[in-house]
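Accompanying notes for the structure given below.
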Protein chains: 2
Amino acid sequence: MTSQATIDKRLTGLDEILDKSAQLMARLGYHGTSMRDLAGVTGRSLSGLYHYFSDKEELLFLINQRGFTSLLAMANDLLGQNMTPAARLARLIENHVSYFIDHLSEMRIMTSGGMEMNDERSRILRELKQEYTNLARKIVGDYMRTESGTDYADNILSRKTFLLYGMMNWIFGWYSAEEHGTAQQVSEDIFRTFTKGCCATE
Amino acid sequence: MTSQATIDKRLTGLDEILDKSAQLMARLGYHGTSMRDLAGVTGRSLSGLYHYFSDKEELLFLINQRGFTSLLAMANDLLGQNMTPAARLARLIENHVSYFIDHLSEMRIMTSGGMEMNDERSRILRELKQEYTNLARKIVGDYMRTESGTDYADNILSRKTFLLYGMMNWIFGWYSAEEHGTAQQVSEDIFRTFTKGCCATE
DNA sequence: TAATTATCCGAACGACCGTTCGTTAATTTA
DNA sequence: TAAATTAACGAACGGTCGTTCGGATAATTA
(Lines give C-alpha, C1' and ligand atoms only; values in the text may rest on other atoms or scores of the structure.)
Protein backbone atom coordinates (compact mmCIF):
# COMPACT_ATOMS: atom_id res chain seq x y z
CA MET A 1 0.00 0.00 0.00
CA THR A 2 1.66 3.20 -1.12
CA SER A 3 0.43 6.75 -0.71
CA GLN A 4 -1.85 6.69 -3.80
CA ALA A 5 -3.42 10.06 -3.10
CA THR A 6 -1.69 13.20 -4.31
CA ILE A 7 -4.47 15.71 -4.31
CA ASP A 8 -7.07 14.15 -6.59
CA LYS A 9 -7.55 11.11 -8.79
CA ARG A 10 -5.95 12.04 -12.15
CA LEU A 11 -3.12 9.56 -12.36
CA THR A 12 -3.50 7.90 -15.74
CA GLY A 13 -0.56 9.22 -17.67
CA LEU A 14 0.51 11.76 -15.08
CA ASP A 15 3.11 9.61 -13.39
CA GLU A 16 4.80 8.90 -16.68
CA ILE A 17 4.82 12.59 -17.52
CA LEU A 18 6.23 13.51 -14.12
CA ASP A 19 9.01 10.94 -14.45
CA LYS A 20 10.11 11.94 -17.91
CA SER A 21 9.79 15.64 -17.18
CA ALA A 22 11.86 15.30 -14.02
CA GLN A 23 14.62 13.58 -15.96
CA LEU A 24 14.88 16.40 -18.45
CA MET A 25 14.47 19.17 -15.89
CA ALA A 26 17.21 17.65 -13.75
CA ARG A 27 19.59 18.17 -16.67
CA LEU A 28 18.42 21.49 -18.07
CA GLY A 29 16.86 23.15 -15.05
CA TYR A 30 13.26 24.26 -14.70
CA HIS A 31 13.53 27.41 -16.79
CA GLY A 32 15.93 25.72 -19.18
CA THR A 33 13.32 23.12 -20.09
CA SER A 34 10.58 24.30 -22.42
CA MET A 35 7.07 22.96 -22.70
CA ARG A 36 8.02 21.92 -26.22
CA ASP A 37 10.93 19.90 -24.81
CA LEU A 38 8.54 18.22 -22.42
CA ALA A 39 6.08 17.47 -25.21
CA GLY A 40 8.97 15.81 -27.03
CA VAL A 41 10.15 13.49 -24.27
CA THR A 42 6.63 12.55 -23.22
CA GLY A 43 5.56 11.82 -26.78
CA ARG A 44 2.67 14.23 -26.59
CA SER A 45 1.71 17.44 -28.27
CA LEU A 46 2.45 20.79 -26.71
CA SER A 47 -1.15 21.67 -26.05
CA GLY A 48 -1.99 18.13 -25.02
CA LEU A 49 0.16 18.46 -21.92
CA TYR A 50 -2.18 21.05 -20.48
CA HIS A 51 -4.73 18.36 -19.96
CA TYR A 52 -2.61 17.08 -17.05
CA PHE A 53 -1.70 20.34 -15.35
CA SER A 54 -2.84 23.91 -15.61
CA ASP A 55 0.56 25.47 -16.13
CA LYS A 56 4.26 24.65 -16.14
CA GLU A 57 4.67 25.66 -12.54
CA GLU A 58 2.11 23.10 -11.43
CA LEU A 59 4.22 20.39 -13.04
CA LEU A 60 7.14 21.44 -10.88
CA PHE A 61 4.86 21.47 -7.87
CA LEU A 62 3.54 17.98 -8.59
CA ILE A 63 7.04 16.53 -8.93
CA ASN A 64 7.98 18.01 -5.58
CA GLN A 65 4.75 17.03 -3.87
CA ARG A 66 4.93 13.44 -5.04
CA GLY A 67 8.50 13.06 -3.82
CA PHE A 68 8.17 14.66 -0.43
CA THR A 69 4.94 12.80 0.24
CA SER A 70 6.72 9.50 -0.37
CA LEU A 71 9.67 10.42 1.85
CA LEU A 72 7.35 11.61 4.58
CA ALA A 73 5.28 8.43 4.47
CA MET A 74 8.40 6.31 4.92
CA ALA A 75 9.61 8.38 7.85
CA ASN A 76 6.20 8.24 9.46
CA ASP A 77 6.09 4.46 9.18
CA LEU A 78 9.41 4.38 10.98
CA LEU A 79 8.11 6.22 14.04
CA GLY A 80 5.30 3.71 14.41
CA GLN A 81 7.65 0.74 14.58
CA ASN A 82 9.24 -0.57 17.72
CA MET A 83 13.02 -0.28 17.47
CA THR A 84 16.02 1.28 19.14
CA PRO A 85 16.84 4.94 18.34
CA ALA A 86 20.06 3.82 16.65
CA ALA A 87 18.24 1.33 14.43
CA ARG A 88 15.61 3.91 13.61
CA LEU A 89 18.24 6.43 12.57
CA ALA A 90 19.94 3.80 10.43
CA ARG A 91 16.64 3.01 8.75
CA LEU A 92 15.85 6.68 8.16
CA ILE A 93 19.16 7.05 6.37
CA GLU A 94 18.68 3.88 4.38
CA ASN A 95 15.18 4.89 3.30
CA HIS A 96 16.28 8.35 2.25
CA VAL A 97 19.40 7.23 0.42
CA SER A 98 17.63 4.38 -1.36
CA TYR A 99 14.84 6.65 -2.48
CA PHE A 100 17.39 9.22 -3.54
CA ILE A 101 19.36 6.81 -5.66
CA ASP A 102 16.22 5.33 -7.20
CA HIS A 103 14.85 8.77 -8.03
CA LEU A 104 17.96 10.81 -8.73
CA SER A 105 16.25 13.18 -11.14
CA GLU A 106 13.29 14.04 -8.96
CA MET A 107 15.52 14.41 -5.93
CA ARG A 108 17.79 16.74 -7.82
CA ILE A 109 14.80 18.93 -8.55
CA MET A 110 13.47 18.65 -5.01
CA THR A 111 16.78 19.61 -3.44
CA SER A 112 17.46 22.47 -5.84
CA GLY A 113 14.60 24.17 -4.01
CA GLY A 114 14.04 27.88 -3.67
CA MET A 115 11.97 28.07 -6.85
CA GLU A 116 9.26 30.69 -6.59
CA MET A 117 5.70 29.48 -6.83
CA ASN A 118 2.11 30.34 -6.32
CA ASP A 119 1.60 31.06 -2.59
CA GLU A 120 -0.68 28.09 -2.01
CA ARG A 121 1.66 25.66 -3.72
CA SER A 122 4.77 26.83 -1.92
CA ARG A 123 2.86 26.69 1.37
CA ILE A 124 2.01 23.04 0.82
CA LEU A 125 5.59 22.16 -0.09
CA ARG A 126 6.99 24.16 2.81
CA GLU A 127 4.77 22.25 5.21
CA LEU A 128 5.75 18.89 3.74
CA LYS A 129 9.44 19.71 4.02
CA GLN A 130 8.95 21.10 7.53
CA GLU A 131 7.18 17.97 8.67
CA TYR A 132 9.86 15.74 7.18
CA THR A 133 12.61 17.83 8.78
CA ASN A 134 10.87 17.69 12.14
CA LEU A 135 10.62 13.91 12.02
CA ALA A 136 14.28 13.64 11.12
CA ARG A 137 15.35 15.99 13.91
CA LYS A 138 13.30 13.95 16.35
CA ILE A 139 14.97 10.73 15.25
CA VAL A 140 18.42 12.30 15.40
CA GLY A 141 17.65 13.81 18.80
CA ASP A 142 16.45 10.50 20.21
CA TYR A 143 19.63 8.83 19.06
CA MET A 144 21.91 11.49 20.49
CA ARG A 145 20.13 11.61 23.83
CA THR A 146 20.18 7.83 24.18
CA GLU A 147 23.78 7.54 23.10
CA SER A 148 25.22 10.32 25.22
CA GLY A 149 22.79 10.45 28.12
CA THR A 150 22.51 14.23 27.81
CA ASP A 151 20.00 16.61 26.24
CA TYR A 152 20.96 18.85 23.36
CA ALA A 153 19.63 22.32 22.61
CA ASP A 154 17.24 22.67 19.69
CA ASN A 155 19.61 24.67 17.52
CA ILE A 156 22.34 22.07 18.05
CA LEU A 157 20.02 19.27 17.02
CA SER A 158 18.89 21.31 14.08
CA ARG A 159 22.44 21.86 12.89
CA LYS A 160 23.37 18.22 13.31
CA THR A 161 20.32 17.15 11.36
CA PHE A 162 21.26 19.51 8.55
CA LEU A 163 24.76 18.03 8.47
CA LEU A 164 23.28 14.58 8.11
CA TYR A 165 21.01 15.74 5.31
CA GLY A 166 23.97 17.39 3.68
CA MET A 167 25.76 14.06 3.45
CA MET A 168 22.67 12.39 2.03
CA ASN A 169 21.50 15.11 -0.33
CA TRP A 170 24.87 15.75 -1.84
CA ILE A 171 24.70 12.31 -3.45
CA PHE A 172 23.32 13.65 -6.73
CA GLY A 173 26.63 15.39 -7.36
CA TRP A 174 28.85 12.33 -7.31
CA TYR A 175 27.08 9.01 -7.01
CA SER A 176 27.69 6.29 -9.54
CA ALA A 177 26.76 2.73 -8.70
CA GLU A 178 29.86 1.00 -10.04
CA GLU A 179 32.24 3.40 -8.32
CA HIS A 180 30.55 3.96 -4.98
CA GLY A 181 28.62 0.79 -4.32
CA THR A 182 24.99 0.05 -3.55
CA ALA A 183 22.54 2.24 -1.70
CA GLN A 184 23.04 0.00 1.33
CA GLN A 185 26.79 0.52 1.34
CA VAL A 186 26.45 4.27 1.02
CA SER A 187 23.81 4.32 3.75
CA GLU A 188 26.02 2.35 6.12
CA ASP A 189 28.92 4.67 5.44
CA ILE A 190 26.81 7.72 6.18
CA PHE A 191 25.40 6.18 9.36
CA ARG A 192 28.85 5.18 10.58
CA THR A 193 30.41 8.51 9.72
CA PHE A 194 27.62 10.50 11.31
CA THR A 195 27.53 8.47 14.51
CA LYS A 196 31.19 7.53 15.02
CA GLY A 197 33.30 9.70 12.72
CA CYS A 198 35.07 9.08 9.46
CA CYS A 199 37.62 6.54 10.77
CA ALA A 200 35.15 4.21 12.42
CA THR A 201 35.41 0.68 11.04
CA GLU A 202 32.63 -0.77 13.19
CA MET B 1 48.21 38.86 -1.89
CA THR B 2 45.20 37.17 -3.43
CA SER B 3 44.91 35.44 -6.79
CA GLN B 4 44.33 38.62 -8.82
CA ALA B 5 44.60 36.94 -12.20
CA THR B 6 41.54 35.35 -13.73
CA ILE B 7 42.39 35.10 -17.39
CA ASP B 8 43.07 38.66 -18.42
CA LYS B 9 43.01 42.16 -17.04
CA ARG B 10 39.43 43.39 -17.46
CA LEU B 11 38.33 43.82 -13.88
CA THR B 12 37.02 47.37 -13.71
CA GLY B 13 33.32 46.88 -13.21
CA LEU B 14 33.36 43.16 -13.80
CA ASP B 15 33.58 42.15 -10.17
CA GLU B 16 30.59 44.28 -9.31
CA ILE B 17 28.63 42.77 -12.19
CA LEU B 18 29.57 39.23 -11.20
CA ASP B 19 28.50 39.86 -7.60
CA LYS B 20 25.14 41.36 -8.42
CA SER B 21 24.44 38.86 -11.17
CA ALA B 22 25.24 35.97 -8.87
CA GLN B 23 22.81 37.27 -6.28
CA LEU B 24 19.97 37.37 -8.77
CA MET B 25 20.87 34.11 -10.46
CA ALA B 26 21.02 32.35 -7.11
CA ARG B 27 17.35 33.24 -6.64
CA LEU B 28 15.97 32.81 -10.13
CA GLY B 29 18.35 30.30 -11.67
CA TYR B 30 20.54 30.84 -14.71
CA HIS B 31 17.81 30.43 -17.31
CA GLY B 32 15.30 32.18 -15.09
CA THR B 33 17.39 35.35 -15.05
CA SER B 34 17.24 37.42 -18.23
CA MET B 35 19.89 39.76 -19.55
CA ARG B 36 17.38 42.53 -18.97
CA ASP B 37 17.11 41.52 -15.32
CA LEU B 38 20.88 41.68 -15.06
CA ALA B 39 20.97 45.08 -16.71
CA GLY B 40 18.49 46.21 -14.07
CA VAL B 41 20.38 45.06 -10.97
CA THR B 42 23.75 46.21 -12.28
CA GLY B 43 22.41 49.63 -13.25
CA ARG B 44 23.54 49.25 -16.82
CA SER B 45 21.89 49.04 -20.18
CA LEU B 46 21.15 45.73 -21.81
CA SER B 47 23.63 46.17 -24.62
CA GLY B 48 26.20 47.74 -22.32
CA LEU B 49 26.64 44.46 -20.49
CA TYR B 50 28.15 42.86 -23.56
CA HIS B 51 31.20 45.01 -23.08
CA TYR B 52 32.16 42.78 -20.15
CA PHE B 53 31.46 39.35 -21.58
CA SER B 54 30.70 37.94 -24.98
CA ASP B 55 27.52 36.11 -24.06
CA LYS B 56 25.38 35.15 -21.10
CA GLU B 57 27.07 31.81 -20.74
CA GLU B 58 30.45 33.45 -20.25
CA LEU B 59 29.02 35.35 -17.29
CA LEU B 60 28.10 32.04 -15.68
CA PHE B 61 31.54 30.74 -16.49
CA LEU B 62 33.27 33.74 -14.94
CA ILE B 63 31.28 33.46 -11.73
CA ASN B 64 32.28 29.82 -11.43
CA GLN B 65 35.89 30.40 -12.40
CA ARG B 66 36.37 33.22 -9.93
CA GLY B 67 34.95 31.17 -7.07
CA PHE B 68 36.78 27.93 -7.69
CA THR B 69 40.04 29.76 -8.27
CA SER B 70 39.71 31.38 -4.84
CA LEU B 71 38.88 28.11 -3.11
CA LEU B 72 41.72 26.35 -4.86
CA ALA B 73 44.24 29.03 -3.91
CA MET B 74 43.28 28.71 -0.25
CA ALA B 75 43.59 24.94 -0.31
CA ASN B 76 46.95 25.18 -2.04
CA ASP B 77 48.26 27.58 0.58
CA LEU B 78 47.28 25.03 3.19
CA LEU B 79 49.42 22.27 1.71
CA GLY B 80 52.48 24.52 1.82
CA GLN B 81 52.16 25.18 5.52
CA ASN B 82 53.65 23.02 8.21
CA MET B 83 50.91 21.60 10.39
CA THR B 84 49.41 18.33 11.57
CA PRO B 85 46.98 16.51 9.28
CA ALA B 86 44.19 17.14 11.78
CA ALA B 87 44.90 20.85 11.90
CA ARG B 88 45.10 20.99 8.12
CA LEU B 89 41.74 19.29 7.78
CA ALA B 90 40.24 21.68 10.30
CA ARG B 91 41.61 24.64 8.36
CA LEU B 92 40.35 23.26 5.03
CA ILE B 93 36.87 23.07 6.50
CA GLU B 94 37.10 26.53 8.03
CA ASN B 95 38.31 28.08 4.78
CA HIS B 96 35.60 26.43 2.74
CA VAL B 97 32.78 27.20 5.16
CA SER B 98 33.86 30.80 5.68
CA TYR B 99 34.11 31.40 1.97
CA PHE B 100 30.77 29.70 1.50
CA ILE B 101 29.00 31.86 4.06
CA ASP B 102 30.64 35.04 2.76
CA HIS B 103 29.67 34.21 -0.84
CA LEU B 104 26.40 32.35 -0.45
CA SER B 105 25.04 33.38 -3.84
CA GLU B 106 28.09 32.46 -5.89
CA MET B 107 28.45 29.20 -4.01
CA ARG B 108 24.85 28.36 -4.70
CA ILE B 109 25.50 28.80 -8.39
CA MET B 110 28.79 26.92 -8.22
CA THR B 111 27.26 23.95 -6.42
CA SER B 112 24.17 23.80 -8.63
CA GLY B 113 26.59 22.57 -11.29
CA GLY B 114 25.75 20.46 -14.28
CA MET B 115 25.05 23.48 -16.49
CA GLU B 116 25.99 22.86 -20.09
CA MET B 117 28.64 25.11 -21.56
CA ASN B 118 31.04 25.65 -24.38
CA ASP B 119 33.52 22.74 -24.40
CA GLU B 120 36.52 24.89 -23.55
CA ARG B 121 34.79 26.60 -20.67
CA SER B 122 33.46 23.43 -19.12
CA ARG B 123 36.90 21.84 -19.48
CA ILE B 124 38.49 24.65 -17.48
CA LEU B 125 35.86 24.43 -14.76
CA ARG B 126 36.06 20.65 -14.65
CA GLU B 127 39.80 20.83 -14.13
CA LEU B 128 39.48 23.44 -11.40
CA LYS B 129 36.92 21.32 -9.56
CA GLN B 130 38.97 18.19 -10.08
CA GLU B 131 42.07 19.83 -8.66
CA TYR B 132 40.20 21.13 -5.65
CA THR B 133 38.62 17.74 -5.04
CA ASN B 134 42.00 16.03 -5.29
CA LEU B 135 43.53 18.37 -2.73
CA ALA B 136 40.63 17.77 -0.38
CA ARG B 137 40.84 14.00 -0.77
CA LYS B 138 44.54 14.16 -0.05
CA ILE B 139 43.96 16.17 3.13
CA VAL B 140 41.20 13.83 4.25
CA GLY B 141 43.34 10.82 3.42
CA ASP B 142 46.31 12.14 5.39
CA TYR B 143 44.10 12.70 8.37
CA MET B 144 42.51 9.27 8.25
CA ARG B 145 45.82 7.47 7.78
CA THR B 146 47.45 9.35 10.63
CA GLU B 147 44.51 8.91 12.93
CA SER B 148 43.88 5.23 12.33
CA GLY B 149 47.32 3.99 11.31
CA THR B 150 45.85 2.16 8.34
CA ASP B 151 45.56 2.91 4.62
CA TYR B 152 42.21 3.33 2.95
CA ALA B 153 41.26 2.44 -0.61
CA ASP B 154 40.79 5.27 -3.06
CA ASN B 155 37.05 4.79 -3.48
CA ILE B 156 36.61 4.81 0.29
CA LEU B 157 38.54 8.05 0.60
CA SER B 158 36.58 9.47 -2.30
CA ARG B 159 33.28 8.64 -0.66
CA LYS B 160 34.34 10.05 2.69
CA THR B 161 35.48 13.27 1.03
CA PHE B 162 32.12 13.58 -0.70
CA LEU B 163 30.35 13.14 2.62
CA LEU B 164 32.42 15.95 4.10
CA TYR B 165 31.65 18.18 1.14
CA GLY B 166 28.00 17.29 1.49
CA MET B 167 27.95 18.66 5.02
CA MET B 168 29.69 21.83 3.90
CA ASN B 169 27.89 22.44 0.63
CA TRP B 170 24.46 21.88 2.01
CA ILE B 171 24.84 25.07 4.02
CA PHE B 172 23.11 27.22 1.40
CA GLY B 173 19.86 25.43 2.15
CA TRP B 174 19.61 26.28 5.80
CA TYR B 175 22.24 28.64 7.16
CA SER B 176 21.22 31.80 8.95
CA ALA B 177 23.77 33.60 11.12
CA GLU B 178 21.51 34.38 14.08
CA GLU B 179 20.15 30.84 14.27
CA HIS B 180 23.21 28.73 13.53
CA GLY B 181 26.14 30.80 14.73
CA THR B 182 29.30 32.05 13.10
CA ALA B 183 31.26 30.39 10.34
CA GLN B 184 33.76 29.28 12.97
CA GLN B 185 31.10 27.55 15.04
CA VAL B 186 29.68 25.77 12.02
CA SER B 187 33.17 24.76 10.90
CA GLU B 188 34.01 23.31 14.30
CA ASP B 189 30.77 21.39 14.34
CA ILE B 190 31.47 19.91 10.93
CA PHE B 191 35.03 19.01 11.86
CA ARG B 192 33.96 17.38 15.09
CA THR B 193 31.09 15.50 13.49
CA PHE B 194 33.19 14.29 10.59
CA THR B 195 36.11 13.15 12.75
CA LYS B 196 34.40 11.92 15.91
CA GLY B 197 30.70 11.55 15.18
CA CYS B 198 27.66 13.58 16.05
CA CYS B 199 27.78 13.10 19.83
CA ALA B 200 31.38 14.18 20.31
CA THR B 201 31.64 17.08 22.73
CA GLU B 202 35.40 17.48 22.35
C1' DT C 1 -26.73 3.05 -29.70
C1' DA C 2 -26.64 7.86 -28.08
C1' DA C 3 -24.73 11.01 -24.92
C1' DT C 4 -20.99 12.29 -22.25
C1' DT C 5 -16.61 12.75 -20.92
C1' DA C 6 -11.53 12.17 -21.24
C1' DT C 7 -7.64 12.66 -24.22
C1' DC C 8 -5.20 14.82 -27.70
C1' DC C 9 -3.99 17.99 -31.38
C1' DG C 10 -2.41 22.09 -35.03
C1' DA C 11 -2.28 26.73 -35.27
C1' DA C 12 -1.84 30.92 -33.50
C1' DC C 13 -1.24 34.72 -29.70
C1' DG C 14 1.46 38.36 -27.48
C1' DA C 15 5.39 38.60 -24.58
C1' DC C 16 9.96 38.04 -23.81
C1' DC C 17 14.42 36.02 -25.02
C1' DG C 18 19.75 36.69 -26.20
C1' DT C 19 22.22 39.16 -29.30
C1' DT C 20 23.73 42.73 -32.74
C1' DC C 21 24.17 47.23 -34.72
C1' DG C 22 25.45 52.03 -35.18
C1' DT C 23 26.43 55.70 -32.42
C1' DT C 24 27.87 58.66 -28.69
C1' DA C 25 30.06 60.10 -24.29
C1' DA C 26 33.96 59.56 -21.24
C1' DT C 27 38.48 58.42 -20.23
C1' DT C 28 43.21 57.40 -21.30
C1' DT C 29 47.23 57.78 -24.15
C1' DA C 30 50.63 60.18 -27.36
C1' DT D 1 45.47 69.05 -27.67
C1' DA D 2 44.64 65.23 -30.86
C1' DA D 3 44.06 60.46 -31.30
C1' DA D 4 42.73 56.28 -29.58
C1' DT D 5 40.55 53.38 -26.60
C1' DT D 6 37.03 52.22 -23.17
C1' DA D 7 32.42 52.36 -21.56
C1' DA D 8 27.81 52.99 -22.34
C1' DC D 9 23.48 53.43 -24.86
C1' DG D 10 18.54 52.96 -27.67
C1' DA D 11 16.53 50.44 -31.10
C1' DA D 12 15.77 46.64 -33.47
C1' DC D 13 16.52 41.50 -35.16
C1' DG D 14 14.78 36.75 -35.53
C1' DG D 15 13.54 33.28 -32.54
C1' DT D 16 11.45 30.92 -28.64
C1' DC D 17 8.64 31.15 -24.69
C1' DG D 18 4.16 29.69 -22.04
C1' DT D 19 -0.40 29.61 -22.97
C1' DT D 20 -5.01 29.51 -25.36
C1' DC D 21 -8.51 28.14 -28.57
C1' DG D 22 -11.56 25.46 -31.40
C1' DG D 23 -12.03 21.22 -32.86
C1' DA D 24 -11.02 16.17 -33.46
C1' DT D 25 -10.83 11.36 -31.79
C1' DA D 26 -11.11 7.70 -28.26
C1' DA D 27 -13.13 5.83 -24.17
C1' DT D 28 -16.72 5.49 -20.94
C1' DT D 29 -21.38 5.70 -19.36
C1' DA D 30 -26.64 5.68 -19.86
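The values are calculated or read from the model by the stated rules, or taken from the named source; none is laboratory data. All figures in this text were calculated on a predicted structure; none of them were measured in a lab. Cβ: placed from backbone, ideal geometry, glycine included. Neighbour counts: every protein chain shown. Areas reflect the complete protein model, heavy atoms only, side chains present, ligands, DNA and RNA absent. Shrake-Rupley method; radii C 1.70, N 1.55, O 1.52, S 1.80 Å.
Could you tell me how many of the residues in the range B:182-202 are open to solvent by less than 20 Å² (accessible area, probe 1.4 Å) and either at the interface with another protein chain (Cβ under 8 Å from one of its Cβ atoms) or part of a loop (DSSP other than H, G, I, E, B) (or both)?
Here the count works out to 8.
Is one or more of the residues making up the range B:70-82 within 14 Å of chain A (Cβ to nearest Cβ) and either away from DNA strand D (no atom under 14 Å from the Cβ) or closer than 30 Å to A:CYS198 by Cβ (or both)?
Checked the range B:70-82: no residue is within 14 Å of chain A (Cβ to nearest Cβ) and either away from DNA strand D (no atom under 14 Å from the Cβ) or closer than 30 Å to A:CYS198 by Cβ (or both).
Cβ contacts < 6 Å: first residue more than 8 Å from every other protein chain (Cβ to nearest Cβ), restricted to the range B:165-181; second residue surrounded by fewer than 21 Cβ atoms within 10 Å (Cβ to Cβ) and among the aliphatic types (A, V, I, L, M), any location; separation 6+ or different chain. Result?
B:PHE172/B:LEU104
Among (1) of a type in the set (D, E, K, R); (2) open to solvent by 70 Å² or more (accessible area, probe 1.4 Å); (3) within 12 Å of chain B (Cβ to nearest Cβ), there is one condition A:ARG108 misses while meeting the rest; what is its number?
Going through the list (1) of a type in the set (D, E, K, R); (2) open to solvent by 70 Å² or more (accessible area, probe 1.4 Å); (3) within 12 Å of chain B (Cβ to nearest Cβ), A:ARG108 breaks only (2).
Just to be sure I understand, how many residues within the range A:51-63 are within 7 Å of DNA strand D (Cβ to nearest atom) and not charged (D, E, K, R)?
1
Filter the range A:113-144 for residues that are touching a residue at least 40 places away in the same chain (Cβ under 8 Å), open to solvent by 50 Å² or more (accessible area, probe 1.4 Å) and assigned to a helix (DSSP H, G or I); which is nearest to the other protein chains (Cβ to nearest Cβ)?
A:LYS129
Whether any residue in the range B:93-112 is part of a loop (DSSP other than H, G, I, E, B), at pLDDT 95 or above and either of a type outside the set (Phe, Trp, Tyr) or closer than 18 Å to B:GLU58 by Cβ (or both) is what I want to check.
Among the residues of the range B:93-112, at least one is part of a loop (DSSP other than H, G, I, E, B), at pLDDT 95 or above and either of a type outside the set (Phe, Trp, Tyr) or closer than 18 Å to B:GLU58 by Cβ (or both), which makes the answer yes.
Of the residues that sit in the range B:24-50 and are surrounded by 15 or more Cβ atoms within 10 Å (Cβ to Cβ) and among the polar types (S, T, N, Q), which one is farthest from DNA strand D (Cβ to nearest atom)?
Among them, the one singled out is B:THR33.
Cβ-Cβ distance below 9 Å, separation of 6 or more or different chains: which pairs start in the range A:39-58 with a residue that is closer than 17 Å to A:ASP19 by Cβ and end on one that is near DNA strand D (Cβ under 7 Å from one of its atoms) and in a loop (DSSP other than H, G, I, E, B)?
Short answer, once both residue conditions are applied: A:ALA39/A:LEU46; A:LYS56/A:THR33; A:LYS56/A:SER34.
Would you mind stating whether B:ASN155 is within 10 Å of chain A (Cβ to nearest Cβ) and open to solvent by 60 Å² or more (accessible area, probe 1.4 Å)?
Judged against the criteria, B:ASN155 is a match.
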